Amino acid sequence: MTDLNIYFSWKQLLSNKLFRYFLCGGLSLGLSLIFCMPLFFNYIEKRKGIILKDMFLEWLPTIDLSVPIFIILWGMFLFIIIRAIQLPTLFLNFLWCLALLNLSRVLTIGLIPLDAPKNLIILIDPISSHFYKVPFITKDLFYSGHTATMFLMFLCLQGRVEKAIALFATLCMGILVLIQHIHYTIDVVSAPFFAWLIYILAQRILKQVFNSIHH
């Protein structure tokens, strides 16, 4: 894989035509998804789905953990944004990974209609609600976007300490969303696998860009 820790200034990279092209493409894809998500979420909330039998979820206690979930999610986003500002290659990589991850979730959620688990406690996240214009989303289930995003950060970050932080955040997030019953176990367990596939796909898309930067 390309070493994204090698420092290039924004000025250097913005002079690279391919970098500019893929930066604009990633931003366009990401923003398009943000604007389209409210329509998609409204659709899935209205459709009929199935309720899975989940013995592990039934065994877990049901607790409202909206605050720690909010802190971990947006704390990690702030952390990776700071690192991405310092390393423009990391910014481009995470931008494409996140956009592709959201696109893939539209496909998987669209193809696999599920109803929310029993005893679900609504997740209160004022930032996400502001972006998506939908106050409560309960059927964006397979696969867990919270868990996948944390694992995606683990894959994208390069330093040993920061990767350890992101991996710990992934484990915590997976446990927390299950205890709040906002996901089935299969949603959480499969999330890292999908994040890994997205990461590999993003590397292939961006390979030409990174090669042009390092040569």
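Nothing in this text is a laboratory measurement; each read-out follows from the coordinates by a stated rule. Here the structure is a predicted model, which is why all the values come from computation and not from measurement. Here the Cβ is made from the backbone with ideal geometry for all residues, glycine too, and neighbour counts use every protein chain on show.
Below 8 Å, C-alpha to C-alpha, sequence gap of six or more: please give me the relative contact order for the chain in percent. Could you put the intermediate results ahead of the total?
Numbers: 268 pairs, mean separation 66.0, N = 215.
RCO, the chain: 31 percent.
Among 142, 182, 206, which residue has its Cα furthest toward the positive end of the charge dipole of the chain, with +1 on Lys/Arg Cβ and -1 on Asp/Glu Cβ?
206
Per DSSP helix of 4 or more residues, -39500 (n - 2.57); summed, then divided by the residues of the chain. What does that give at 222 nm, rounded to the nearest 500? Present the calculation step by step, with values, prior to reporting the outcome.
Values: 9 runs with 154 residues, N = 215.
Using -39500 (n - 2.57) per qualifying helix, the result is -24000 deg cm²/dmol.
Among (i) 16.0; (ii) 17.6; (iii) 11.5, find the value of mean projected area of the Cα convex hull in nm² that was calculated from the structure presented, and write down its label.
Recomputing mean projected area of the Cα convex hull in nm² here gives the entry labelled (iii).
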